[in-house]
Protein chains: 2
Amino acid sequence: MKLTVLSGGVGGARFTRGLLAHLARTAPGSQVTVIANTGDDMWLHGVRVCPDLDTLMYTLGGAVHEEQGWGRREESSRVSADLAAYDVGWEWFTLGDLDLATHLARTQWLREGLTLSEATARLSARWRLAEQGVRLLPMSDQPVETHVEVDGGLIHFEEWWVRHRAALPARRFVQVGLDRASAAPGVLAAITDADAVLLPPSNPVVSVGTILAVPGIREAVRATRAPVVGVSPIIGGAPVRGMAAECLAAIGVSATAEGVARHYGLRERGGVLDGWLVDTADAATAELLAADGWRSAATDTLMRDVPATARIAAELLALAGR
Amino acid sequence: MKLTVLSGGVGGARFTRGLLAHLARTAPGSQVTVIANTGDDMWLHGVRVCPDLDTLMYTLGGAVHEEQGWGRREESSRVSADLAAYDVGWEWFTLGDLDLATHLARTQWLREGLTLSEATARLSARWRLAEQGVRLLPMSDQPVETHVEVDGGLIHFEEWWVRHRAALPARRFVQVGLDRASAAPGVLAAITDADAVLLPPSNPVVSVGTILAVPGIREAVRATRAPVVGVSPIIGGAPVRGMAAECLAAIGVSATAEGVARHYGLRERGGVLDGWLVDTADAATAELLAADGWRSAATDTLMRDVPATARIAAELLALAGR
């Protein structure tokens with residue numbers, strides 16, 4: 001099977017790990033292409049930081065800090081602590097020592113002239129992604145950085161998210177660089193040629209929304225002959241994790257399983273989805289969507305561990321196959 | 001007193017520390033400008049590494065690894081160890097975690113558009129150089145990188161020095177970028193306006209030699225009304241430290257106190273020196289030079305500790321004052 005996942009960080013990485021576990025059992029030899037959001041990327045202290053790509057690599061590579069969901073296991077912050085003495089700013093952003101090794105390798109290769117795709121392929125080799133049937137692609141090789149309009153102007157998404165814990169009211173999100181960006185090599189083909197395109201329970205606004213905003217990607221998702229199905233990141237009216245509600249509020253979408261489904265929209269009516277998997281807490285939403293022409297189902301969508309997540313992935317594939 | 005030191009890394013840093021100790025006792029309020037060699041600088045893993053500037057900051061800031069002579073005390077290498085798993089090369093170059101904080105801060109500021117002089121001033125603030133009456137200047141704000149011609153072509157100086165321990169026969173040294181370089185702001189004035197210009201026992205070829213090669217610097221040293229005096233880095237026919245002999249051999253200069261003196265040359269005959277302080281082991285050289293028109297003296301020039309080095313600095317100033 002050829003599957004393509006449009007992924008943010010923690011949620012998308014955990015979902016993909018479960019998907020791989022399911023495929024290893026049921027469809028060995030499957031190929032999974034993960035198209036990662038790079039809108040949270042930034043230059044920090046002269047190095048290129050790509051939070052979602054790294055969370056995906058560490059999670060699929062078995063090196064992620066499990067409780068935290070991102071960053072490396074057994075991480076330390078000796079460099080950061082010393083760097084603070086130079087008064088360089090951004091001291092609220094955790095730059096782990098092991099994580100820094102990734103940023104340095106990536107920065108070296110980018111400075112040598114490699115594209116982000118090429119640098120990502122080199123980094124992925126260490127984490128044995130190809131051996132697991134995974135190809136990790138950035139959504140674009142051009143820098144696209146999400147900024148947030150708050151009182152006082154635009155700030156980088158990471159400043160809003162990490163420093164202010166999404167507590168500053170956001171008026172809108174601006175993807176800086178989007179007009180000069182195009183989908184990275186392989187991205188559009190992976191959507192067009194897939195047997196199914198999957199939206200994990202990633203942030204619909206600043207993760208999946210940013211990927212879809214890259215010129216050509218939304219069009220490819222709309223045009224593919226593959227079914228496009230997603231898992232709701234909202235359970236019973238609250239995001240499972242992260243601060244998706246604040247992001248949804250900023251764009252005027254209600255933080256419910258139905259609200260997000262309507263935001264993505266049904267493909268036959270101009271949207272990007274054919275199906276939507278919701279939690280059992282939102283069973284009524286599943287029925288309502290089904291009555292409205294969606295492929296929809298309800299199941300336990302909490303990604304407690306890898307087996308639970310493998311089961312969710314199986315349910316999503318079943319929905320795609322209907 | 002206004003003193004200007006043309007310095008490489010370890011030797012120059014230790015000398016300057018002794019000089020400051022001497023001045024604190026005998027001439028408080030003195031201003032010392034240190035012009036540092038930046039020919040060993042490089043981009044490594046996307047960050048800018050300036051070995052001699054850093055050795056000077058750490059030494060004068062009281063944070064140097066004392067036995068080693070360079071790098072930070074209580075250094076670790078967690079980032080480097082992890083970086084090696086990405087197969088990025090240059091694994092033989094020690095990139096300490098604490099040292100990396102300096103490189104990251106510098107790189108951030110350079111990428112923001114600051115010059116190396118400006119970035120160096122910001123870094124120096126942490127190490128309280130101004131409070132000690134020290135101004136640390138790079139020789140140039142333009143990148144000048146020493147490369148070494150060996151069998152098979154040119155390699156970066158650090159590769160020859162650190163990786164090959166100067167064991168590959170060197171044919172010549174090439175300062176890449178020299179033709180587009182000029183002295184950094186303040187450098188020429190510091191030489192012109194000094195009460196004395198001092199050459200510490202730094203490497204005469206790849207440290208002091210590189211500084212003198214920057215357009216305008218040799219001319220300023222030749223033209224200044226201040227006396228220009230130096231301490232021999234060679235004692236009894238052998239370099240005190242480092243691999244100066246290999247560098248001298250490459251340019252056809254004998255590794256003796258006299259050989260180096262003749263290489264620098266007497267100012268009134270087209271060289272850059274008025275005086276040369278040698279070790280007691282080379283007392284005969286001092287007499288020979290004195291008979292030849294040099295200000296010269298012999299003393300114990302081994303920089304064992306700060307008091308011993310302060311005494312050497314005092315002797316050098318006495319020579320300058322003759």
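The values are calculated or read from the model by the stated rules, or taken from the named source; none is laboratory data. From a predicted model like this one, the values you see are computed outputs, not experimental measurements. A quick note on method: Cβ atoms are made from the backbone with ideal geometry, for glycine too, and the neighbour counts reach across all protein chains shown. The area values use the complete protein model at the heavy-atom level, side chains included, leaving out ligands, DNA and RNA. Shrake-Rupley method; radii C 1.70, N 1.55, O 1.52, S 1.80 Å.
Some points to look at:
- Copy-to-copy label distances for B:Pro28, where each label lies 7 Å from Cα along Cα-to-Cβ, are 8.1 nm in order of increasing length.
- Rounded D (µm²/s) - region B:186-322, Kirkwood Rh over Cα pairs, Stokes-Einstein at 25 °C, 0.890 mPa s: 165 µm²/s
- A:His164 accessible area, assembled protein chains, probe 1.4 Å, Å²: 60 Å²
- Region B:275-322 versus region A:206-251: alpha-carbon centroid distance in Å: 75 Å
- With all protein chains modelled, accessible area of A:Glu258 [1.4 Å, Å²]: 60 Å²
- Share, in percent, of DSSP beta bridges within the protein assembly as shown that are antiparallel, nearest 5: 40 percent
- Restricting the calculation to Cα atoms, region A:235-278 shows an Rg/Rh of 0.99 when the hydrodynamic-style radius is the Kirkwood one.
- Within region A:78-237, percent of DSSP bridges classed antiparallel, to nearest 5: 75 percent
- Taking trypsin sites (Lys or Arg not before Pro) across region A:171-264, the ones in a DSSP loop with at most 12 further Cβ atoms lying within 10 angstrom of their Cβ are A:Arg225.
- Order of exposure, largest accessible area first, which applies to A:Met42, B:Met303 with probe 1.4 Å: B:Met303, A:Met42
- Neighbour net charge for B:Ser254 - beta-carbon separation under 14 angstrom, K R +1, D E -1: -2
- Legend: mean number of C-beta atoms from other chains within 10 angstrom of residue C-beta atoms, peptide A:96-102, equals 6.
- Kirkwood hydrodynamic radius computed over region B:190-261 comes to 12.8 Å, based on all pairs of distinct alpha carbons.
- Length, then width, then depth: along the principal axes, the Cα atoms of region B:1-155 run 53, 34, 33 Å.
- Distance histogram for region A:150-220 (every C-alpha pair counted, 5 angstrom bins, percent rounded to whole numbers): 3, 13, 21, 21, 16, 12, 9, 4, 1, 0
- The same position B:Ala308 in the other copies lies at 6.7 nm from this copy, comparing label points 7 Å beyond Cα toward the beta-carbon, shortest first.
- Percent of C-alpha pairs per 20 Å bin, chain A, short to long: 34, 60, 6, 0
- Over region B:98-251, the Kirkwood radius and the radius of gyration, each from Cα atoms, give a ratio Rg/Rh of 0.98.
- Cα-based Rg / Dmax (Å) for the protein assembly as shown: 31.1, 108
- Trypsin sites (Lys or Arg not before Pro) within region A:16-88, DSSP loop, no more than 13 other Cβ atoms inside 10 Å: A:Arg73
- Inter-copy separations for B:Ala130, label at 7 Å along Cα-Cβ, nm, ascending: 5.3
- Bridge orientation summary for chain B: considering DSSP beta bridges with both residues in this region, about 40 percent are antiparallel.
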